[in-house]
Amino acid sequence: MSVSTTISELTHPPSPEVEHSTGVHDHPFYQKHHFETAEQQREAASFGMWLFLLTEIMFFGGLFMAYLLYRNWYYDAFVAASNTISMPLGLINTIVLISSSFTMAMAVWSAEVRNKKFLQISLLATVVLGFAFLGIKTGEYSDKFREHHVPGAAFDIRDFTTPPAGSKEKPLPIDVAEKTQIFFSLYFAMTGVHAVHMIIGIAILIVLLWKSNSGAYTSGYVQPIENFGLYWHFVDIVWIFLFPLLYLINRH
Amino acid sequence: MSTIVSLPDQSTATLPKRNYLNNEHGLMSWLLTGDHKRIAMLYLVSITFFFFLGGFFAGMIRLELLTPAGDLMAADTYNKMFTMHGIVMIFLFLVPSVPATLGNFLIPIMIGAKDLAFPKINLLSWYLYMIGGTFVLASLVLGGVDTGWTFTTPLSTHYLNTHVITTATAIFIAGFSSIFTGLNFIVTVHRMRAPGMTWFKMPLFVWSNYAAAIMMVLGTPVLAIAITLVALERLVGIGVFDPAKGGDPLLFQHLFWFYSHPAVYIMILPGFGVISEVISTFSRKRVFGYTAVAFSSVAIALFGFFVWAHHMFIMGVSNYSVLVFSLLTMLVAVPSAIKIFNWSFTLQKGSVTFETPMLYAFGFIGLFTIGGLTGVFLGSLGMDIHLTETYFIVAHFHFVMVGGMLMAFLAGVHFWWPKMTGRMYPESVSKLAAIITFIGFILTFFPQFVVGYLGMPRRYHAYPAEFQVLNVLSTAGATVLGVGYLLPLLYLGWSLKYGAIAGNNPWQATGLEWQIQSPPLTENFLVTPIVEQEAYDYEWLARKTAREAQHVA
Amino acid sequence: MSDYTSNRNGEQVTSQNLTPVTASGQNLNAIDAPNVNNPEHVAHHIVSPVMYLSIFGVLMIGTLATVGFAYVPLGRLNAPVAIAIACTKAVFVVLFFMHVKYSSRLVKLTVASGFFTFLILVFMSLSDYVSRAWGQW
Amino acid sequence: MSHFISPVLWQFLTKWMTTFALWPQEASTIAPWTDALYLFLWAMTIFGLVLVGALLFTFAFKYRAEKHPVAIQVEGSTLLEATWTIIPLGIFLFVFVWGAWLYFRIYNPPANAMQIYIVGKQWMWKAEHPGGQHEINALHVPTGRPVQLTMISQDVFHSYSIPAFRVKREVIPGRYSTVWFNATQPGTYHLFCTQYCGTLHSGMIGEIVAMTPDDYQKWTETSTSGTSLAQNGERIFSSLGCNSCHNGTAAARGPNLSGLYGAKITMDDGSTQIATSGWLRDTILNPSQHVPAGYKPIMPTYQGQVSEEGLIDLVEYIKTLKSNYRNQQTLVTAKSSDAAPTTPEMVKP
Ligand code: HEA
Ligand code: HEA
Ligand code: CUA
Ligand SMILES: [Cu+2]
């Protein structure tokens, strides 16, 4: 083993290549054979996760693009349609999701400081909040089904051409009212894709929770928790945009 | 210091006892492998299959077009033929061709790493690719799909009752395969370089695959969402692309081409990388203007995202937009020109030999120059009005994709075949095949420029009689071309068993991959290499060879 | 020479007693170990719970603010305000929850390039739509 | 002769000699301009190809290994890089300018162009002449006169292509697009649908018959259906009840439509819009999105009630409303009991 002369080696584990040839292996248990150091592996993994999120930005980006176009084209229809979805439920869901993001951040911290108990509590809280979000979302969706606001054959514009009694909304001309369908298409597409991400996220969370039982992530191997945190926060960010764009177009 | 060194002697050498091919045995050792080299081989076999499938469709297209009347098959069948041809060739062959096979095999070795950063994700990519391929085959078996590879809405969403959703699923899945390959490459290049391997010591092959990977990661998701919306439109009628419901069919075009224009550079950039390696090796000279070539790849990756609407010039985008997109198209053509000239000047003062890969590379340069410059025709607004949607376009993109990329792919396969298998192929037959493909290619696709300017529309199953002569030439050429492509299949297969042992560095090339045994060990390098030489450092190679010879003596 | 050592058959072999030297005999120590001098590298930073909590607070305030502003008639300004608040919240999540503030330049660049490409998509497509009226043919 | 070579080859050769064409006819005023650019572009291509080929072959030959066994390593050359960046860039920019110029020349219609409407549907082309001539998969035009086509699709994208004129334009569902040309040579030319539009895409073809003005005059007289588009439009206008609101009187609930075509309209949000054909069509289908200042959005939508041909008739009719006179005439003459001919099949005699 050569004596290190570079400053950077003081802060980082030296290259283990010499150990290889002498048959000594003192890598952490989780280090894959093709990485030189655990540090390299960690950075690769988190960079990989970021690149994946990059693709997610563009994936949602296509939907946002469509949204921006039609919102400008059919503003009145978008306003009317947006006002039929429940702001309070949207707000509650936003709070739920931001809280889950917070608990997830705490999970990352617990893993970093190797606190298994708190890690599990945080992960569990995140799961619960995730389910809460999906539960509320399901309620919102079923409202839409009841109101015939789901795009497709059963779609009905009567609520917009002749608003129910007590509604503050002005009746829309038919040609405008018809465009509400595009809003709801985008609403379902965007929140639907978002919900799919939530479901996948919750599934992974449950796996992480289960594996964390053995202390897998509280002995220095933070990377899965950390990467999953990135994913979860990203899903949160998408919602941060969806909420004002879908629920709050013009509420006054 | 180690002492046991050899100059591999081709006549006496035997295959290394231990290598990635024989390290483990059995089917499962292949299907569950994490080794980038084995995954590359899996890809090689699968894309070859899909290439010949696509080639079969091409053959049927050309046979139908032998006569002006639509007599060989029904119009519907013909439409399915070119749709399947386009989809198979683009998504299942050309996009993964160089990156997933040669790139997978070589990138880790070239930068001195033991594997790609995420071996499991790499294997996942291959499975996704195969699942995507299976969906394409399924839609074929179920009765095919006739949207054209461009899925134009509202045709694809409302007016066809073929298996659009199955195919859309296929493309979605294959798209994620490509995203994961790209992601793996980017992380690997950033994080796995061996000590001393700085950015500007990397071979240009790595640079160009890196640039292509960026485009894969950023572009493909937009295709995925566009295709998802098409599927949703068909399933529930969401109306975002439906003019009857207030949707804009052009929005689909924007989203589709936002991916599919960058996709053409995803297809060509890795080929550029192959050409850099081949030209350098067979002129024994470093690539002229290394940095210019490297940066032009990155420039293409960047500017490639700004020009997509040149596929929509007459489709109703605004006059302002067509101007902007046309101008940017002209700009993006320049980096390709830079590369061509740098390759030409690489030969200058070199020591040039004409092995098979070099012949393909020559073919590439000539054909790509024609293909690229005819792209400039199409980028020129007024010209595009007459040329668009005719055989001129068909000729343009076959020149760049078949004459360009496919030639580059074959150059690469021949170049690294000895490394991948440890065997040489029969050089005279392979040279013959290269020449046959070149002649067949010109005969197939050059007449299409002419017939396109005469006005023959693409995707036509029957055509006016005055176009026949040129079409007959084209079909004749396709037959020659088919032979040209079958030959490598035969002799490369033959060489697996009977080819001469290649030795480590049959071409005396400088890349790290040539300094290790062929076929390589599973872990590529027994110890991590320390890189101090530049890419294409022939002086370093000469010093090394001399020193090794000394050791032997 | 260790890395390229091979025997007569071209097989790679390692001999014992290797010192890490380069092909030309230069000592390894003169060259950096893998990734270590990588300018893209940054030490792992642990963000404290206090920080997380305060970000959480900021996000909550932001959420309430969006809702509040949605009910204030600002005319054309409503949308930009909503987007601005959402962007601010997103930036906080990215910087702190997602640790980008403490990450390498590379990660920062990655995030930026994602948004940049998204903006290309949006602006160049919309530039078509807004200019459709030009030239009425 | 044919005894000596195979019959197939013989047939091929005779065909070659009789029907071989390398260059399309130039039958419009624009064709020579397009051809000029095309030739320039080929000159550019040949120049580039010869240049690259010359470099490649000279170097490959001069520095082949037998002659030049040891390569001399060269870094590169900034001067050369700059040269081959700037020269192609210059050429390409020149091509851009030329192409853009040509684009506007091809698509920008002259003001005096004659109007013909085209409706595309799977898989046929319908042409509607203002004089009431209806054609399918054919178009008769006079030579020596600019002709503007206003085109729309009933279903998917199609593309109207006349190679001999070097013009082509996509035919879009839900939106008018236009193209114009000025035929120079009498003759019959190919009409192709060049945008893939489903099964019989390759059957969506037809003939463009360019005739001398005299012949064209004869043709219009012999093939008219008797009612002009505007007359049809007038009938539709009254049968759909448009005139109940647009009657040009002071008490009318809708704006006066006379002199509307081509006018600049101030909308209720303060913007101004120009009443083009496409704009008129869109107001009938989506009236609430085009509310002129001072009016309430009470006009019903006619989406789904009028065919594209019917809309063309309406647009043509509104275009003829030069003064208030005809508007009021409609009010007087039209009886609400008249049959409502909304589809062209019914309109045509
Ligand atoms: C590998 C794939 C590939 C590549 C690399 C390219 C490269 C280019 N393509 Fe092509 N293209 C396709 C694949 C590709 N294309 C496909 C598949 C389609 C059709 C899709 C469909 O509709 O089905 C298409 C269609 C297409 C169109 C749309 C036509 C239409 O639908 O109307 C346009 C228009 O601008 C275009 C332009 C270009 C340009 C400017 C380049 C440039 O990047 C080319 C740059 C290269 C050069 C310019 C050559 C090198 C230059 C020199 C050696 C300099 C010579 C010297 C002097 C002039 C001094 N292409
Ligand atoms: C990587 C991409 C790629 C490749 C390699 C090819 C390869 C070939 N392509 Fe194609 N092509 C496309 C991509 C590609 N193509 C795309 C994207 C389209 C547009 C689709 C659309 O419009 O939607 C298209 C469309 C297209 C058309 C236009 C169809 C139409 O518009 O109506 C034609 C017509 O000649 C054609 C021909 C050929 C030929 C002759 C080959 C040859 O190079 C193939 C040679 C290979 C073989 C022949 C296989 C080897 C031999 C055998 C398997 C034995 C059997 C042989 C016979 C039966 C002859 N292709
Ligand atoms: Cu209509 Cu093709
Ligand atoms: Cu393109």
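Determine the sum of side-chain charges near B:F345: Lys and Arg each +1, Asp and Glu each -1, restricted to other residues whose C-beta is under 12 angstrom from that of B:F345. Summing Lys/Arg as +1 and Asp/Glu as -1 gives +2. Computed from backbone phi, the HN-Hα couplings of the stretch D:182-197 come to 9, 6, 10, 10, x, x, 10, 10, 6, 10, 10, 8, 9, 9, 4, 9 Hz, rounded to whole numbers (Karplus: 6.51 cos²θ - 1.76 cosθ + 1.60, θ = phi - 60°; Gly and Pro given as x). If only the Cβ of Lys and Arg carry +1 and only the Cβ of Asp and Glu carry -1, the dipole of the stretch B:485-553 around its Cα centre is close to 320 debye. For D:S153, nonlocal amide neighbours, meaning residues 5 or more places apart or on other chains whose placed amide H falls under 5 Å from its own, are D:G120, D:I172, D:G174, D:R175. When B:S177, D:S307 are arranged by Cβ crowding within 10 Å, least crowded first, meaning fewest neighbours, the order is D:S307, B:S177. Apply the a/c threshold of 1.5 to the C-alpha gyration tensor of chain A and tell me whether it is rounded, prolate or oblate. Prolate shape, in that a/c is at least 1.5 and a/b is the bigger ratio. Which of the three applies to chain D, rounded, prolate or oblate, going by the alpha-carbon gyration tensor with a ≥ b ≥ c and a/c under 1.5 meaning rounded? Cα axes put chain D in the prolate bin.
Taking the number of Cβ atoms within 10 Å of each Cβ as an exposure proxy, the fewest-first ranking of D:C193, C:C87 is C:C87, D:C193.
Report relative contact order for chain D in percent, whole number only (criteria: Cα-Cα under 8 Å, sequence separation at least 6).
14 percent
Exposed loop sites, defined as chymotrypsin sites (Phe, Trp or Tyr not before Pro) outside DSSP H, G, I, E and B with at most 16 other Cβ atoms within 10 Å, are absent from the longest region of chain B, namely B:355-553. Comparing mean-square fluctuations of D:W84, D:W123, D:W180 from a GNM of chain D with C-alpha springs under 10 Å, the top value falls on D:W84.
Using C-alpha pairs below 8 Å separated by at least 6 residues, the relative contact order for chain B is 21 percent.
Think of each Lys and Arg Cβ as +1 and each Asp and Glu Cβ as -1; about the Cα centre, that makes the dipole of the protein assembly as shown roughly 580 debye. Listed values for the stretch D:36-42 are Karplus-derived 3J(HN,Hα) couplings in whole Hz (6.51 cos²θ - 1.76 cosθ + 1.60, θ = phi - 60°), namely 5, 5, 4, 5, 4, 5, 5, and x replaces Gly and Pro.
Other residues within the sphere of radius under 15 Å centred on the Cβ of B:V230, judged by their own Cβ, net out at -2 (K and R +1, D and E -1). Which one, D:V119, D:V70, D:V52, has the greatest fluctuation when you compute a Gaussian network model over chain D with C-alpha springs under 10 angstrom? So, out of D:V119, D:V70, D:V52, the one fluctuating most is D:V70. Residue-wise HN-Hα couplings along the stretch B:126-133, as the Karplus relation 6.51 cos²θ - 1.76 cosθ + 1.60 with θ = phi - 60° gives them from phi, are 5, 5, 4, 4, 5, 5, x, x Hz; Gly and Pro carry x. Shielding value for B:72-82 is 2, the average number of Cβ atoms from other chains within 10 Å of each residue's Cβ. Extents of the protein assembly as shown, taken as max minus min of Cα coordinates on every principal axis and listed largest first, are 113, 93, 55 Å.
Could you line up B:V322, C:V72 from fewest to most neighbouring Cβ atoms inside 10 Å?
If I rank by nearby Cβ atoms, fewest first, I get C:V72, B:V322.
When only Cα pairs below 8 angstrom with a gap of at least 6 residues are kept, chain A shows a relative contact order of 29 percent. For the listed peptides A:206-215, D:28-37, a ranking on the average number of other beta carbons within 10 Å per residue, highest first, reads D:28-37, A:206-215. Counts of other chain beta carbons within 10 angstrom of each beta carbon in peptide D:97-109 average 6. Around C:L59, what is the net charge, scoring Lys/Arg as +1 and Asp/Glu as -1 over all other residues with Cβ under 11 Å from its Cβ? Net charge in that neighbourhood comes out at 0. Considering only B:P426, B:H386, B:L331, the residue lying farthest towards the positive end of the dipole of chain B is B:P426, judged by Cα position with unit charges set on Cβ. Near the amide H of D:M114, within less than 5 Å, lie the amide hydrogens of D:V147, D:Q148, all on another chain or at least 5 residues away, with H placed in the peptide plane.
I need the P(r) histogram for the stretch B:454-497: all alpha carbon pairs, bin width 5 Å from 0 out to the longest distance, whole percents. Bins of 5 Å from zero give 5, 17, 18, 15, 12, 10, 8, 7, 5, 2, 0 percent of pairs.
Using a/c under 1.5 as the rounded threshold, could you call the stretch D:25-107 rounded, prolate or oblate? The axes a ≥ b ≥ c are square roots of the C-alpha gyration tensor eigenvalues, and prolate needs a/b larger than b/c, oblate otherwise. In terms of gyration-tensor shape, oblate.
Only helices at least 18 Å long along their axis, Cα-based, and averaging -1.0 or more on Kyte-Doolittle count here, so list those DSSP H runs from chain A. Correct list, ordered by number: A:38-73, A:87-112, A:116-146, A:180-212, A:223-242. Using all pairs of distinct alpha-carbon atoms, the Kirkwood hydrodynamic radius of the stretch B:33-552 works out to 23.4 angstrom.
No value in this document is a laboratory result; all are computed from the given coordinates. Since the structure is predicted, the reported quantities are computational estimates derived from the model, not experimental observations. All Cβ positions, even for glycine, are placed from backbone atoms using ideal geometry, and neighbour counts span all protein chains on display.
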